[in-house]
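Inspection log for the structure reproduced underneath, given as C-alpha cells.
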Amino acid sequence: MPKKTKTKTIGRVAKNPGYNHKTIEKKWQKIWEEQGTFRADDGSLKPKFYGLDMFPYPSAYGLHVGHFKGYTLSDVVAKRKMMEGYEVLRPIGFDSFGLPAENFAIKTGIHPAAATKKAIENIRRQFKAAGLGYDWSREVIASSPDYYRWTQWMFLQLYKNGLAYRKKAPVNFCPSCKTVLANEQVVEGKCERCGSGVSKKLLEQWFFKITDYAERLLEGLELIDWPEKIKTIQRNWIGKSYGTDIQFSFFTGIKEEDDKKLEVFTTRVDTLFGCTYVVIAPEHPILEKLKPLVSNWEEAASYMAGALSKTEIERSAEDREKTGVELRGVRVVNPVNNKDLPVFIADYVLMDYGTGAVMAVPAHDQRDFLFAKKHGLPIIEVVKPKNGETTLPERAFEEYGVLQNSEVFSGLTSEAGAADIAKYLAKRGQGKTTIHYRLRDWLISRQRYWGAPIPMVKCVKCGWQPVEDRDLPVLLPRIKDFKPTSDGKSPLARSKAFVKTVCPKCGGKAERETETMDTFVCSSWYYFRYTDPKNKAVFASPELISKWLPVDLYVGGVEHAVLHLLYSRFFTKALKDFGYVEIDEPFSKLYSQGLIYYQGAKMSKSKGNVISPDSIVVQYGADTLRLYELFMGPMDQASEWSDNGVAGVYRFLHKTWHLRYKVSDSIEDSVGITKILHKTIKKVSEDLDHFRTNTAISALMILANELDRQLAVSKESYLKFIIMLAPMAPHLGEELWQSFGGTSSIFKNKWPVYDENLIKDEMASFVIQVNGKTRGKIEMKTGISEEEAKGLAKNSEIAHKWIAGKEIAKTIYVPGKLINFVTQL
RNA sequence: GCCUGGGUGGUGGAACUGGUAUACACGAGGGACUUAAAAUCCCUUGAGAGCGAUCUCGUGUGGGUUCGAGUCCCACCCCAGGCACCA
C-alpha cells in the first residue's frame, strides 16, 4: 500500500503539521514526571483538595476501558481544582494482597509476589499512558512490608481496644477458595470471588466488632454527600429494627437459674397473644442445656447437624419449605397469658440475628404460618384489619390492625397495643424494648497465603498474645507451597520456621497465628497512609492527616457499597476513638461512575468483551480515550461502548488542533463570538461542578464549530477554549498552551471566568402559541414590556392566521420566552 | 416479594425551578476534492401527508391536573441494580 506522506493529512490545511497524539502524549507524560507537575506539596498554604480513586486491585490481566471511566472523571476534577487554586493531593497505589492474585498464581504456577509485581508494573504503565495526574511519589503497595506493618498495627490497635476478638461460630466457607469469608463477601449464597456455593463451618476465627459501631455508622450517613443509592444499601445492610425482647420461662427441670428463660425478639409485640409455639435456631447454645429434658434428642441432634452442613443456597433453595423438629419434653410459658407452648428447632430461624429464637405467631407472620400449616399447629387470629378484609385463612395477615383475643388489650390498635403490652412486660421484668441490627461482626481471618499475617501468638501458658509493636512487621514468609487446603488450616501452618516463636509475655514456647487478614483490612485505612507514605514511626503523622483529610472527592464503583465503604468508615471511627484522627467520616463526597457495557453486556474478562485502553491509546491517543469516556453519557449511568463514538471525539480533537492555524494576534472577536465564548465558560464551569462532562464537552464542541466558521480567531478566545478542554484532554491542552507561549504547565493557569454582562441577549425569539400549541416565533428585544410584546404578537401574521375572528379570552406571557393566546375556556 | 434507579430518533444521549422535544455526537443518504480509495469539507436525516409554504402525529401504556406536560399526580407494563426466611 503506497503511503504518500508521513504526516497525516487529517484536516484542511495539509501544509501545517497535523495532530499527532503519539509524539505529544509521550512528550508531556515525560515532562509531567520530570517536573513533578502533579506532586502535592505538604507545606502549601493554598486550600487543599484531596481527590481519591478507589485502591485499584492489580489484576494480572490489566485494566479495561471500563475501569478508566472513574479514574478519568476524578482526574478531570483534580486538574480543574489545580486551576482554581487548590493544592491537590491525588495519590495512587495498589491493593495487592488477596484472592485473585493468589488464584492466578495457583493457576499459572507463578508465585503471587512475582505475579503481583508484574501486574503492578503493567497497570502503572496503563495509568501513565492515560495521562492520569497521580502523585507517584506517594505510591503505596499493600503487599509490601512497609505497608502491611501498619495493617498489622491496625489489627493490634483494634485488639487492644477490645474490637478484635476470637470466637467459635458458624462461618461462611468457600469450598473452592478454601477459606472463610465475611458476610459481605457472600453474594446470594455464593462466593463473591469465584461464585462457588458457600457452606457453613463451625470454626474459631478472628472478628472485628463492627457491630459496636452500627448506630454511629447509621448516623454518619446523614452528614456525608454520597449517592442516596449507596446510603440506602448501607442502611439496609446495617438493618436497624426496633422491637421487644421477651422472656419465655421453661416449665421444669433446668438447674441453672440463668437458663430458665428463653429470650426471643419480636418487632410485633402486639401479636403476643397469637403466639402458639416458639422456635430456636439449630445452632443455639441453649440446646446443650436442654438436652437432658429432650426425649427425642437423637432426632433433634441430627437436624442440628443437617442444618449446619447445608450450603447457603440449599438453605434458601428449598423455597421456604419450613422444616423443623419439636423438642419433646420441653415446654415454655407465654408471659402474658401463661399458656403452655411447644418448642421447635428450625433453620428458618437464624442464630446470628436477634436472640436466635422467635415467638411464632402463625396468624400474622407468613413464615410461621407456613411452618404451622406443615406441622399442624394452631393459628390464633389476634389482629383484625381496621378496614378491608383479612388475608386469612389463605395467608398470614401481616398488617397492623385492631387487637382481638388479647384479653384486656383487645380493642386497641396494633400501635397502642404494642406499647401497652411492652409496658406490661417491662413492669413484670419479662421483657424490654430493644434495638437489633442485621449487621454482623466482620470475620477477617483467611486460610490463605497471600495476605498480611495476623500479628498474634499463641502461648501454651499465656494463651493468645499480641505481637509487640516493635516486632512488626510479622513478615509473610516466602514459601513455595502456598496452595490452600481443605482442612481449614492456612498454608502458613506448613512453614515451621514461621510458626515457631516465643511468647511476647513470658518468653516461653509459642506458635504464631497462621491465618492472614482479609484484604479489605488493607484497604480500610490506605487513604491515611497516602498523606505520609514513608513514615516509619507512625501510620501517618497527625499533622498530615489533619491537613489532608477527609477525602474531598472519592470516586469508585458501587460494588463496594457494603464492603470497603462500610469497613473504611468503621476504621475511621475506631481510629478517632483511639485518638489517632479527628475526623469521623473519611470520605466527604462519594461519586460512583456507571459501568461500561460492550456488545450488550458488562465488560468483563470472563465474557471476553473487554476493550483494552492500550489499543485505543495507540490508535487514537489518551486524550481521545479520556474524552470519549467523558462524552459517552451521564457519568453515573451505564453506557454502551461504541467504536464509532471514539472516532467522533478524535475528529473533534483534530478540529481543535487545526483551529490553531486560524489564531491571529491582531484580530478582535465579534460580539457574537465573545457571547458564545462566555456562555460556554459558564456552561462548562457549571457542568463540571456537577460532573456533567458529556454536556460540558458538547458545549465545547459547539464553541469549536462556531470558531471554525470564522476566518480568524483571537488568541485570547482560543486559549480560553483550550484551558477549558485541558483537564479532559491534558496532553493536547499542554501542547497548544506551550505553542502559544505558555512557559509553565497549563494546569498552573487560572480557569477562565465569564462576564455576566457579555452573556445577556439583546434579542430573543418569543414563541407564539394559540391554545398552548406552538404556531411560530417572533424576534423581539429581551427588555420589551409585557404590553408591547403582547401587542406585537397580536398583530403578527401568525396570530391573525390562527385567531381569525375568535375572541381572545386570556393571554399568557412569559418574559423573554413565550406568549400564549387562549381563545376558548 | 421489598427498596432504588431508568424507559425520549436507526444509535449514545440533550432539554434550567412545567414554556420551541430530539442540542452535541455517531450512523445512514447525497454532493465536493481525488485516476481511485482513505481522510477532509458541505447538504439532508423523528414519522406521516403535500409540488409547496405548511399541516397532523410523536418522549413505555392508560387516565388526570394545567392556557401549556418528556417534566407534576394516579394506575399499570417493561428493563437494570440492590436486599431477601432479619422475626
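Key figures for this structure:
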{"read-out": "Gain upon complete extension [A:GLN404, A:ASN644; 0.36 nm per residue less C-alpha separation]", "value": "79.5 nm"}
{"read-out": "Segment A:417-536: Cα Rg divided by the 2.2 N^0.38 Å rule of thumb", "value": "1.62"}
{"read-out": "Rg over Rh [alpha-carbon atoms, Kirkwood Rh] for segment A:695-801", "value": "1.20"}
{"read-out": "Segment A:102-141: equivalent-ellipsoid semi-axes (sqrt of 5 x gyration tensor eigenvalues, Cα, Å)", "value": "25, 11, 6"}
{"read-out": "Label-reachable residues, segment A:266-290, where backbone N falls under 16 Å from a point 7 Å from A:ASN337's Cα toward its Cβ", "value": "A:269-278"}
{"read-out": "Relative contact order (%) - criterion: Cα under 8 Å, at least six apart; region: chain A", "value": "15"}
{"read-out": "Selection from A:ASN236, A:LEU327, A:GLN126 lying farthest towards where the dipole of chain A points positive, charges on Cβ", "value": "A:GLN126"}
{"read-out": "Cα-based helix-to-principal-axis angle, A:564-577 vs chain A, degrees rounded to 10", "value": "70"}
{"read-out": "Given A:LYS79/A:LYS602; A:LYS118/A:LYS607; A:LYS260/A:LYS339; A:LYS117/A:LYS190; A:LYS167/A:LYS500, the pairs whose alpha carbons are separated by over 18 Å", "value": "A:LYS79/A:LYS602; A:LYS118/A:LYS607; A:LYS117/A:LYS190; A:LYS167/A:LYS500"}
{"read-out": "Between 0 and 90°, nearest 10: helix A:366-375 axis offset from chain A longest Cα axis", "value": "40"}
{"read-out": "Nearest-20 debye value, chain A charge dipole, Cβ charges on Lys, Arg, Asp, Glu", "value": "2560"}
{"read-out": "Charge tally in the Cβ shell below 15 Å around A:LYS26, where Lys, Arg are +1 and Asp, Glu are -1, A:LYS26 excluded", "value": "-2"}
{"read-out": "Dipole axis of segment A:598-680 (+1 Lys, Arg; -1 Asp, Glu on Cβ), positive-most option in A:GLY648, A:LEU627, A:ILE611", "value": "A:ILE611"}
{"read-out": "Stretchable slack from A:VAL753 to A:SER670, in nm (0.36 nm times residue separation minus alpha-carbon distance)", "value": "28.0 nm"}
{"read-out": "Segment A:689-756 shape via C-alpha gyration tensor axes, a/c threshold 1.5", "value": "oblate"}
{"read-out": "Per-residue [θ]222 nm for chain A (sum of -39500 (n - 2.57) over DSSP H runs n ≥ 4, rounded to 500)", "value": "-10500 deg cm²/dmol"}
{"read-out": "With Cα atoms, 0 to 90° folded angle of helix A:99-108 axis to chain A main axis", "value": "90"}
{"read-out": "Total charge dipole magnitude, segment A:710-825, about the Cα centre, Cβ charges on Lys, Arg, Asp, Glu only, Debye to nearest 20", "value": "440"}
{"read-out": "log₁₀ of I(q)/I(0) at q = 0.05, 0.06, 0.07, 0.09 Å⁻¹ - chain A, Debye sum with one point per alpha carbon", "value": "-0.41, -0.57, -0.73, -1.02"}
{"read-out": "Highest to lowest packing among A:448-457, A:704-713, scored as the average C-beta count within 10 Å", "value": "A:448-457, A:704-713"}
{"read-out": "Prolate/oblate/rounded call for segment A:319-375, Cα gyration tensor, a/c under 1.5 rounded", "value": "rounded"}
{"read-out": "Student exercise, segment A:83-175 dipole from Lys, Arg, Asp, Glu Cβ charges, in Debye to nearest 20", "value": "480"}
{"read-out": "Qualifying aspartates and glutamates (Cα of each under 18 Å from Cα of A:LYS240; at least 8 residues distant if same chain)", "value": "A:GLU184, A:ASP212, A:GLU215, A:GLU219, A:GLU222, A:GLU228, A:ASP352, A:ASP441"}
{"read-out": "Top positive-direction residue, dipole computed over chain A with Cβ charges, set A:THR355, A:PRO542, A:PRO170", "value": "A:PRO542"}
{"read-out": "FRET efficiency, A:ALA537 to A:SER302 (Cβ-Cβ, R0 45 Å, nearest 0.05)", "value": "0.20"}
{"read-out": "Paramagnetic label zone (point 7 Å from Cα along Cα-to-C-beta, A:LYS505; backbone N under 14 Å) in segment A:439-472", "value": "A:456-468"}
{"read-out": "Kirkwood Rh and Cα Rg combined as Rg over Rh, evaluated for segment A:571-675", "value": "1.21"}
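Here, each number is a calculation from the coordinates, and none is a lab measurement. All values reported here derive from a predicted model rather than from experimental measurement. Using ideal geometry, Cβ is built from the backbone for each residue, glycine included, and neighbour counts are taken over all protein chains shown.
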